[in-house]
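Let me begin by presenting the structure, written as structure tokens, before commenting on it.
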Amino acid sequence: MLFVRTSRLLLLGLAAASATTELTPSTWDASLASGKSLFVKFFAPWCGHCKKMKPDWDKLAEELADSSKVLIADVDCTADGKPLCDAKGVKGFPTIKYFSPPDEEGEDYKGGRDFDSLKKFALELGPGCSVDAPENCSDEQKKDLEKYIAMPAEERDAMTAELKKTLSDAESTHEALLKELQATYKESMDKLEKLKEESAPKLKLLKAATPVAPSKAKDEV
């Protein structure tokens, strides 16, 4: 009995050790400041697709646990991580995003969700181009970076705010259009269903009023 209990505790310990890093607002900034890229799955525990990909995601976290370039992490949108999900514009589950410092906005991951696809993408991640890491910049990025470095800080801040506002406005417009389309679709579907319901009895009687031609087999008999 003692052996069985000890084995269970050992298995629980191994499972805990293999879990992905779970991020919350209190740990987000420190993780982003670590210099590693963040490969993050925003999820809800009840989500079927989240459960399906969890084994591959956890395996990825285990294999890259010692990576100096990327951190594989989870954010539970139904618990302490909810403010992060709201801030990052998470609409559905799972949403996978990647953040390459100093980028705080992140980008949506659009690749496959099997282990091989996730691993291939994760291995290509790393710290992004910045004034503190110019070695990570392409020649084109260096030219733009030098231009922005030469700008007064106030001008950079104003340009950043303007771009963020433009993106936010575009997203709001898109959401409004989506709601309008959904309403139009629902109205059209309701009309179609009503027409089907009203037409069904008539179609049935019209069909019933048409005599069925006798088959040749019966004529021959």
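Values quoted throughout were computed directly from the atomic coordinates according to the rules given, and no laboratory measurement underlies them. Given the structure is predicted, the values throughout are model-derived calculations rather than measurements. In this analysis, Cβ positions are derived from the backbone assuming ideal geometry, glycine residues included, and neighbour counts consider all displayed protein chains.
Would you please name the trypsin sites (Lys or Arg not before Pro) within region 90-183 that are DSSP coil residues with at most 11 other C-beta atoms within 10 Å of their C-beta? Mind dumping the intermediate values first?
Details: sites: K91, K97, K110, R113, K119, K120, K142, K143, K147, R156, K164, K165, K179; in loops: K91, K110, R113.
Answer in residue order: K91, K110.
Under 14 Å from the Cβ of L203, count the other residues' Cβ atoms, weight Lys and Arg +1, Asp and Glu -1, and hand me the total.
Details: positive: K196, K202, K204, K207; negative: E197, E198.
Net charge around L203: +2.
Given Cα pairs under 8 Å that are at least 6 residues apart, what percent is the relative contact order of region 18-150? Please report the intermediate quantities before stating the final value.
Details: 208 pairs, mean separation 38.0, N = 133.
Value for region 18-150: 29 percent.
What Kirkwood radius, in Å to one decimal, follows from the Cα pairs of region 127-171?
On the way: mean 1/r = 0.0850 Å⁻¹.
The Cα-based Kirkwood calculation yields 11.8 Å.
For region 152-198, what are the per-bin percents of Cα-Cα distances with bins 5 Å wide, up to the bin holding the maximum?
Over region 152-198, the share of Cα pairs per 5 Å bin runs 5, 19, 11, 13, 9, 8, 9, 6, 7, 4, 4, 3, 1, 1 percent.
Counting only GluC sites (Glu not before Pro) that are in a DSSP loop and have at most 16 other C-beta atoms within 10 Å, tell me the longest site-free stretch of the chain. Provide the component values of the computation, followed by the final result.
Values: sites that count: E104, E105, E124.
Counting at most 16 other Cβ atoms within 10 Å as exposed, the longest clean stretch of the chain is 1-103.
How fast does region 42-105 diffuse by Stokes-Einstein, in µm²/s, taking the Kirkwood radius from C-alpha pairs at 10 °C and 1.306 mPa s? Can you show the working numbers first?
Values: Rh = 12.7 Å.
My calculation gives 125 µm²/s for D.
Please check: in the Gaussian network model of the chain (C-alpha springs, under 10 Å), which one of L64, L163, L205 has the largest mean-square fluctuation.
For the chain, modelled as a Gaussian network with Cα springs under 10 Å, the answer is L205.
Just to check, using Stokes-Einstein with a Kirkwood Rh over alpha carbon pairs, what's the diffusion coefficient of the chain at 20 °C and 1.002 mPa s in µm²/s?
Numbers: Rh = 22.6 Å.
Approximately 95 µm²/s, per Stokes-Einstein.
Cα axis of helix 48-63 to longest principal axis of the chain: angle in degrees, 0 to 90, nearest 10?
30
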